[in-house]
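Working notes, beginning with the structure itself.
The values are calculated or read from the model by the stated rules, or taken from the named source; none is laboratory data. Every value quoted in this text rests on a predicted model; they were computed, and no experiment measured them. Note: ideal-geometry Cβ built from the backbone for every residue, glycine included; neighbour counts use all protein chains shown. Note: accessible area is taken over every heavy atom of the protein model, side chains too, but ligands, DNA and RNA are not part of it. Shrake-Rupley method; radii C 1.70, N 1.55, O 1.52, S 1.80 Å.
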Amino acid sequence: MNTAVQRFDVGVVGAGMVGGTVATLLARAGLSVAVVEAQAPGAFDAAADIGLRVSALSPGSASILAAAGAWDRVAQTRSCAFSRMHVEDGATGAALDFEAPEFGLEALGTIVENDLLRRVLWDLLDASAVVQRFCPARVRAVQAGAEHVELQLDAGTRLRVALLIGADGADSALRGMAGVAQDVWEYNQRGVVAVVRTQRPNPHTAWQRFTAGGPLAFLPLSDGRSSIVWTRPAPEAQRLLALGDEEFTAALQEAAGGWLGQVLESGPRASFPLTMRLANHYVGPRQVLLGDAAQVVHPLAGQGVNLGLADAAALAEVLLANRRSGSDLAEHRSLLRYQRWRRSENGLMAGGIHALRSLFTPDGLAGMRGLGLRLVAASWPLKDLFLRRAAGLGRNAPRLAHGESLAALVQGP
Ligand SMILES: Cc1cc2nc3c(=O)[nH]c(=O)nc-3n(C[C@H](O)[C@H](O)[C@H](O)COP(=O)(O)OP(=O)(O)OC[C@H]3O[C@@H](n4cnc5c(N)ncnc54)[C@H](O)[C@@H]3O)c2cc1C
């Protein structure tokens, strides 16, 4: 049993897409980082079929991942950029379209496999001389002092860090240990996911249709197939999972209203519970929460990872400013600044998605939602505002999202 205390600038618990990104950014900026992860990602096999879990990453997220040194490898291995987004209301037929060139962008987003991104980040952490990975490992106890936080891992390992970052997902153990409460809305819905082949290939379009019971999204994949996220009431989702392939593709085709023609084939299906959660506090003495540990949003706007990556970039911005000015890395007022910044942004997004979801339930007002979509479609400033936020390029987005380099954060404004 190793009981000697090992010291690091930062401890990151959870090396998912968000924890892996913040750890990589901070290590590239020269901080020593301990990464504690319960389960290492598997090897990524580009010859295997496209995975079930994918994320639509915004241009802002792509810039953050480029600063972390991960983007080129992800984009070149297997990904699908899309230049068009289409949102329609199944009941009224009202629709809203976004085209990348209208906004001076090359792409509105990129579909990336979660397993690939996680693996690329894990390999970057492995290659870094200032990172030590503890895996498989979990935190057993946390003790925050005036100068540092001490962590006890299972197997008796002890770590002392100036700042502890909790990126251990929606059921964050660190959030629980810190006694941070959260507001929770259970939607009693599940997101059914599958990779499907349609008569016509997906024309690089992220397509979403609001139907009674929940939205249905088709996200484009590099081989012309689509990754679907179909939100259904929980019992109905279970029923869809239990259907035979032909019955499932027929039900999907009907819900899609024939978009892309016949649904010819579906791969394996899975479903995930959908909730909204917002932690009451993001920071405590020498401790910070980010990503799903801090907030969980309904996937209808494809924002969960994007918010988490913006958290990671914002935290790096705050910490590197502390480092430049020679102050304590985990200076509490700066952590509170991070909390004000990110909690208000994420709370606004979570509230907006929540309201949108309510409007599109069977009880929602069809007239109102049709009017809403038409209003945004007709108003360039509103459309631009919506798109910039969804693209992670809003006024309050972190500097890395706007394409600034990590070196600029290390050296100064
Ligand atoms: C159906 C569906 C579709 C979605 N689509 C999109 C989309 O298109 N775009 C988008 O932006 N978001 C999307 N999301 C949301 C997105 O998947 C999450 O926001 C994202 O996975 C959160 O990443 P994270 O790194 O914060 O947490 P996680 O992915 O949960 O990672 C947490 C990490 O911590 C580790 N861990 C957990 N507990 C411990 C512990 N006690 N000790 C050590 N390590 C621990 C885990 O092993 C894991 O590696 C979708 C979600 C769903 C359900």
Point to revise | Among beta bridges that DSSP assigns inside the chain, antiparallel share in %, nearest 5 | key: 70 percent
Check your understanding: PRE reach from residue 106 (point 7 Å along Cα→Cβ): which of region 48-71 fall under 19 Å by backbone N?
Key -> 56-71
Study note, to complete from the structure: With the label point 7 Å along the Cα-to-beta-carbon line of residue 38 and a cut-off under 17 Å to each amide N, the hits in region 112-150 are 134-142
Revision key, fill the gap. Note: residue 183 to residue 200 extended length (0.36 nm per residue) minus current alpha-carbon separation gives 1.9 nm
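Working out 0.36 nm times the residue gap between residue 238 and residue 126, then minus their Cα-Cα distance, what length gain in nm do you get to one decimal?
Values: separation 112, 0.36 × 112 = 40.32 nm, distance 3.95 nm.
So the chain would gain 36.4 nm between residue 238 and residue 126.
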Exercise for review: Between residue 374 and residue 223, with labels modelled 7 Å along Cα→Cβ, what's the label distance in nm to one decimal, could you check?
Suggested key: 4.3 nm
Exercise for review: Grab the beta carbon distance between residue 152 and residue 280, set R0 = 25 Å, and tell me the FRET efficiency rounded to 0.05.
Suggested key: 0.45
Study note, to complete from the structure: Shape call for region 1-72, from the Cα gyration tensor axes a ≥ b ≥ c (a/c under 1.5 means rounded, otherwise prolate when a/b beats b/c, else oblate), comes out oblate
Review point. Along region 5-12, what does the Karplus equation 6.51 cos²θ - 1.76 cosθ + 1.60 (θ = phi - 60°) give for ³J(HN,Hα), rounded to whole Hz, x for Gly and Pro?
Key: 7, 9, 10, 9, 5, 9, x, 10
**Study point:** Integer Hz, Karplus 6.51/-1.76/1.60 couplings in order for region 375-390, x for Gly and Pro
**Key:** 4, 5, 4, 8, 10, 4, x, 5, 5, 5, 4, 4, 5, 4, 5, 5
Revision key, fill the gap. Per GNM of the chain with C-alpha springs under 10 angstrom, the most fluctuating residue out of 158, 239, 140 is 239
**Study point:** Added length on full extension, which subtracts the Cα-Cα distance from 0.36 nm per residue, residue 49 to residue 135
**Key:** 28.3 nm
Study note, to complete from the structure: Between residue 134 and residues 5 or more places away or on another chain, the pairs with built amide H atoms under 5 Å apart involve 35, 36, 37
**Study point:** Using θ = phi - 60° and Karplus 6.51 cos²θ - 1.76 cosθ + 1.60, couplings along region 311-317 (whole Hz; Gly, Pro as x)
**Key:** 4, 4, 5, 5, 5, 4, 4
Exercise for review: First compute the accessible area of the chain with a 1.4 Å probe, then give the percent of it belonging to carbon and sulfur atoms.
Suggested key: 52 percent
**Study point:** Listed residues 378, 310, 217, most fluctuating in the chain (Gaussian network, C-alpha, under 10 Å)
**Key:** 378
Practice item. Under 1.5 on a/c is rounded, so check that first for region 47-105, then, if it is not, pick prolate when a/b is larger than b/c and oblate when it is not; a ≥ b ≥ c are the square roots of the alpha carbon gyration tensor eigenvalues. Key: oblate
Exercise for review: Treat each spin label as a single point 7 Å out from the Cα along the C-beta direction, and report the residue 348 to residue 91 distance in nm.
Suggested key: 2.9 nm
Study note, to complete from the structure: Note, residue 143: beta-carbon cut-off 14 Å, +1 each Lys/Arg, -1 each Asp/Glu, net +2
Revision key, fill the gap. Residues other than residue 77 with Cβ under 15 Å of its Cβ, Lys/Arg counted +1 and Asp/Glu -1, net out at -3
Check your understanding: Using a Gaussian network model of the chain with C-alpha springs under 10 Å, which one of 94, 377, 46 is most mobile by mean-square fluctuation?
Key -> 46
Study note, to complete from the structure: Given backbone amide H placed at 1.01 Å from N, residues whose amide H is under 5 Å from that of residue 81, ignoring those fewer than 5 places away on the same chain, are 111
**Study point:** Radius 13 Å from Cβ of residue 92, net charge of other residues (Lys, Arg +1; Asp, Glu -1)
**Key:** +1
